[in-house]
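To start, the structure under review is shown below, and the notes come after it.
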Amino acid sequence: MSGRKIAYLFPLFPVINQTFTLAEVIGLQQRGYDLRLYSLLSRVDRGLQQNEARALIDQTHYCPGYGSAELWRPLLRGLRKDPVGVLRLFGSVWKAWRRPVPTKRGQKGLPGPETFGLEDWLDVLYRGNKWFYLLKNWMMVPHALYLAEVFRRDGIPHVHCHWATYPATVGMLVQQWCGIPFSVTAHAYDIHMMPWMLPAKLEAASFFVTCADYNRRYLASMCSEPVAERLVLNYHGTNLQRFRPGPRSPGEDFRVVSVGWFKEYKGFHYIVQAIARLVEQGIDARLHLAGDGPQKGYLVQLAGKLGITDRVTFHGYLDHDRLVALYRDCDVFAMGSIEMTNFGRQDVI
């Protein structure tokens, strides 16, 4: 398959906290694949990116917004040429959405949020409402018709959709409209927080890729055995030449590093509490946090409440070079992820 042209479709690309998608794109390009990058959204932040990502922005085709006539023209052309076919696209979304799915979303008796702020609750409302999800997927029909024309113009033989939500919906609708096959990579929130329509997408896709066996088993529970055979388990990798261990700078303190998106399911509040317990035991522990997110304010307050403000350093978002330096200058890496399955949030790996 070396040199084969493939479309990669994202909700937004690149995104600084999705380095796994960036690494995959770079890795495939280095192996000779002719990747064509497409993004449903166009509000990319050119400044807040990994260094390697900036060069890919100019290679990415960003779909026009809903206020642009360019997005709507293919829909109007489709309605003139095949109005029944366009209506079938909306009907396909409706039929796929109505199918039942196994999920723990919304179940009572499971642990509730401890640190949720307004942004978290808005996120649950935005991503976790079944009816709003239906509306958003209907709104993907113009994108599907627009990208169908772009894919045919670009000579795309296959579309790979990263995230099983809206990109996969577009891939499914493009296949229905013009026959271009699609595949999907599923990650975490896109199947556990927003599971609706997954059985239909699993059946329509050429194959589904996911990064954890937990996900593979969950997706297999939604489909027949022949469809489940098209589920591919593919763990994320990293550049081992870049992320090599090195000698730690001399020091008497015990340095802990943790990296990620500051959301409750990432469990950073437990790591802060653990540092406080180490200090109580007479250990000169210090915590270095890289990343950002809605939980940051809570973490700052928690460190103050526990009396360890001077022992917790917030580095913000870091590029890979600075992140490697942070790793090498610490003693251990800590990961505090927890399951919040009633909200569909968890680190499946």
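Quickly work out the Ile283-to-Glu203 label distance, labels modelled 7 Å from Cα along the C-beta direction, and quote it in nm with one decimal.
5.3 nm
Report the extension gain between Phe243 and Trp72 in nm, rounded to one decimal, defined as 0.36 nm multiplied by the number of residues separating them, less their alpha carbon distance.
Values: separation 171, 0.36 × 171 = 61.56 nm, distance 4.54 nm.
Difference between extended and current length: 57.0 nm.
For every helix of n ≥ 4 consecutive DSSP H residues, a contribution of -39,500 (n - 2.57) applies; sum these over the chain, divide by its total residues, and give [θ] at 222 nm rounded to the nearest 500 deg cm²/dmol. If you can, show how the numbers build up before the last one.
Numbers: 15 runs with 150 residues, N = 349.
Counting only the DSSP helices, I get -12500 deg cm²/dmol.
State the label only: which of [x] 139; [y] 151; [z] 130 corresponds to volume of the Cα convex hull per residue in Å³ computed from the shown model?
Identified label for the calculated read-out: [y].
Can you give me the relative contact order of the chain as a percent, contacts being Cα pairs under 8 Å and 6 or more apart? Could you put the intermediate results ahead of the total?
Working: 561 pairs, mean separation 62.1, N = 349.
Here the relative contact order equals 18 percent.
Given 0.36 nm per residue, what is the gain on full extension from Phe20 to Leu318 after removing their alpha carbon distance, in nm? Spell out each step's value before the answer.
Details: separation 298, 0.36 × 298 = 107.28 nm, distance 1.51 nm.
So the extension gain works out to 105.8 nm.
In sequence order, what are the phi-derived ³J(HN,Hα) couplings for the stretch 42-48 according to the Karplus relation 6.51 cos²θ - 1.76 cosθ + 1.60 with θ = phi - 60°, rounded to whole Hz, with x for glycine and proline?
Rounded to whole hertz, the list is 10, 8, 6, 8, 5, x, 8.
Tell me, what HN-Hα J-couplings in whole Hz come from the Karplus equation 6.51 cos²θ - 1.76 cosθ + 1.60 at θ = phi - 60° for each residue of the stretch 81-95, using x for Gly and Pro?
Calculated HN-Hα couplings, in order: 7, 8, x, 5, x, 5, 4, 5, 4, 5, x, 5, 4, 4, 5 Hz.
Accessible area of the stretch 1-129 with a 1.4 Å probe: how many percent of it is carbon plus sulfur?
Values: 4110 of 7440 Å².
Roughly 55 percent, rounded to a whole number.
Under the rule of at least 5 residues apart or a separate chain, name every residue whose amide H is placed under 5 Å from the amide H of His61.
So His61 has HN proximity to Leu37, Tyr38, Ser39.
Normalising by the residue count of the stretch 255-319, find the relative contact order in percent from Cα pairs under 8 Å and 6+ residues apart. Don't skip to the answer; put the middle values down first.
Working: 87 pairs, mean separation 26.0, N = 65.
In percent, rounded to a whole number, it is 40.
Once each part is reduced to its C-alpha centroid, what is the distance from the stretch 172-222 to the stretch 242-296 in angstrom?
Taking the Cα centre of each part, the stretch 172-222 and the stretch 242-296 sit 35 Å apart.
Tabulate in residue order the Karplus-calculated ³J(HN,Hα) for the stretch 177-191, using 6.51 cos²θ - 1.76 cosθ + 1.60 with θ = phi - 60°, rounded to whole Hz; enter x for Gly and Pro.
Karplus values, whole Hz, x for Gly and Pro: 7, 9, x, 6, x, 9, 9, 9, 10, 9, 10, 9, 4, 5, 10.
Nearest-5 percent of antiparallel DSSP beta bridges in the chain? Write out the running numbers ahead of the final one.
Values: 1 of 37 bridges.
Antiparallel bridges make up about 5 percent of those DSSP assigns within the chain.
Mean separation of Cα pairs under 8 Å and 6+ residues apart, divided by the residue count of the stretch 1-132: what relative contact order is that in percent? The partial results should precede the final answer.
Numbers: 97 pairs, mean separation 25.0, N = 132.
Across the stretch 1-132, relative contact order equals 19 percent.
In a shell of Cβ-Cβ distance under 12 Å around Arg54, excluding Arg54 itself, what net charge do Lys and Arg (+1) and Asp and Glu (-1) give?
For residues surrounding Arg54, the net value is -3.
Could you provide, to the nearest whole Å², the per residue accessible area of the stretch 1-141 with probe 1.4 Å?
For the stretch 1-141, the per-residue accessible area is 57 Å².
For Arg345, which sequence-distant residues (separation of 5 or more, or a different chain) have an amide H within less than 5 Å of its own amide H, given hydrogens modelled in the peptide plane?
Amide H neighbours of Arg345: Met340.
Fully extended, how many nm does the chain gain between Glu52 and Glu339 (0.36 nm per residue separation, minus their Cα-Cα distance)?
Details: separation 287, 0.36 × 287 = 103.32 nm, distance 3.20 nm.
Computed gain between Glu52 and Glu339 is 100.1 nm.
How far is the Cα center of the stretch 6-63 from the Cα center of the stretch 315-347, in Å?
When both Cα centres are located, 22 Å separates them.
Which cross-chain or sequence-distant (5 or more) residues have an amide H under 5 Å from the amide H of Cys161, H modelled 1.01 Å from N in plane?
HN-HN under 5 Å from Cys161: Leu9, Ser183, Val184, Thr185.
The values are calculated or read from the model by the stated rules, or taken from the named source; none is laboratory data. Predicted model only: the values in this text are computed from it and were never measured. When we count neighbours, we look across all protein chains shown, and the Cβ atoms used for this are built from the backbone with ideal geometry, even at glycine. Side chains are part of the model used for accessible areas, which takes the heavy atoms of the whole protein and leaves out ligands, DNA and RNA. Shrake-Rupley method; radii C 1.70, N 1.55, O 1.52, S 1.80 Å.
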